[in-house]
1. Using Cβ counts within 10 Å as a stand-in for footprinting exposure, how do M172, M145 rank, fewest first?
2. How do Y156, Y70 line up, fewest other C-beta atoms within 10 Å first?
3. Separation between the Q113 and L99 pseudo-spin-labels, each 7 Å from Cα along Cα→Cβ, expressed in nm?
4. Tell me, what ³J(HN,Hα) does each residue in the stretch 50-64 have, in order and in whole Hz, if you take phi through Karplus 6.51 cos²θ - 1.76 cosθ + 1.60 with θ = phi - 60° and put x for Gly and Pro?
5. How do the peptides 259-267, 89-97 rank, highest first, by the average count of neighbouring beta carbon atoms within 10 Å per residue?
6. Based on the mean of other Cβ atoms within 10 Å per residue, sort peptides 76-83, 103-110 so the most packed one is first.
7. How much length is gained if the chain between A204 and E30 is pulled fully straight, taking 0.36 nm per residue apart and subtracting their Cα-Cα distance, in nm to one decimal?
8. Starting at the first residue of the stretch 248-258, write each ³J(HN,Hα) from the Karplus equation 6.51 cos²θ - 1.76 cosθ + 1.60 with θ = phi - 60°, in whole Hz, x for Gly and Pro.
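Where a number appears in this text, it was derived from the coordinates with a stated rule and is not lab data. Note that the structure is a prediction, hence the values are computed from the model and not measured. Reconstructed Cβ throughout: ideal geometry from the backbone, glycine too, with neighbour counts over all protein chains shown.
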Amino acid sequence: MKKIIAVLLTVILFSSLLFGHYAYAHTFIENPDASMIAKIQVFKVESKLIANNVSNNTLAQWHVSKSQEYWGSNETGTLSQKDSGLANRISASVNDLYLMAGQQNASSAIANQKADAINQLLDQAESEEVDSSSQNNSTVQALAMVGVLNEVLEDYGTAIGSKIDLTNMNNMNMSSSGSNMQGMSGMSSNNNMSGMSSTTIVNAAAYQSAQALAGTAKTMFASLQSTAPSTASSYLVKVGTALDALEQKIDDKSSGNDVMTVVHMQIHPNLISAFNIEAVPEFPMPVLLAIMSFIGVIAVPRIIRGK
């Protein structure tokens, strides 16, 4: 009987090790200052995209809707506690830009002037909202860049009509496994005769945001390099190369899986190593089962013997 139990547990052990794999999904530590920096960066991008598409109601209103997720009454209320005058100026300027959105005869030049003014005001807001100790803290800046990169993945997923969350690294396995392809819209590429591949864009506004935010991430990275410790240099070289690749893949309309790979496999790991950022990999159930089985192989016979 003891031998049978041991054999069964051993089978479970090796089966678990055979099919188990680590899900290297990165769960980054929460930092309020990093989140605020990222939100402001996203709003600045969206305000410029509203201005660039001010006479196109469909595109402009999409960017208006997205921008409202990142700066609204909550953010204004928080800023008002420190600087009510600045909060009021931002609200008035944002409302002016929103009123222009979608007007057929709206002036792109005037809209861009308003967007530039908003962005300058938001720079002031950032200096007041973000703690001074965080403003030149490379780890905080890196986490803010991670936040912007998450927005890149979300917007690119929307742009290609993916039903898969590109911010979740586990979905890379799904997109490359060949299973459930009916639900993988936007994850695979259309191959042409030259061997190149591209993915159909189904949401032009979201694609604009993904492109612009990828550029913003590169700008943030340039600033990050000036504050990073020397020990991070080798990792940051790889991050810079990966950011270039990310921008190129989005421009080339690569598959969602290709874009995910750059962020999750190239950018995130090197940022984690460069700044010792806490990121907890998900602990897969098959490996947990394997450990329990291994313990069982040792423990059960002893229990049966009464030891």
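1. On the way: M172 22, M145 26.
Final ranking by Cβ density, sparse to dense: M172, M145.
2. Listed from fewest to most nearby Cβ atoms, that is Y70, Y156.
3. 1.5 nm
4. Couplings: 4, 5, 5, 10, 4, 8, 9, 4, 4, 5, 4, 5, 5, 5, 4 Hz.
5. On the way: 259-267: 22.1, 89-97: 17.6.
So the order, starting with the most tightly packed, is 259-267, 89-97.
6. Numbers: 76-83: 14.1, 103-110: 12.4.
Going by the mean number of other Cβ atoms within 10 Å, highest first, we get 76-83, 103-110.
7. Numbers: separation 174, 0.36 × 174 = 62.64 nm, distance 3.12 nm.
Value of the extension gain: 59.5 nm.
8. Once θ is set to phi - 60°, the couplings for the stretch 248-258 become 5, 5, 5, 4, 7, 6, 5, 5, x, 5, 5 Hz.
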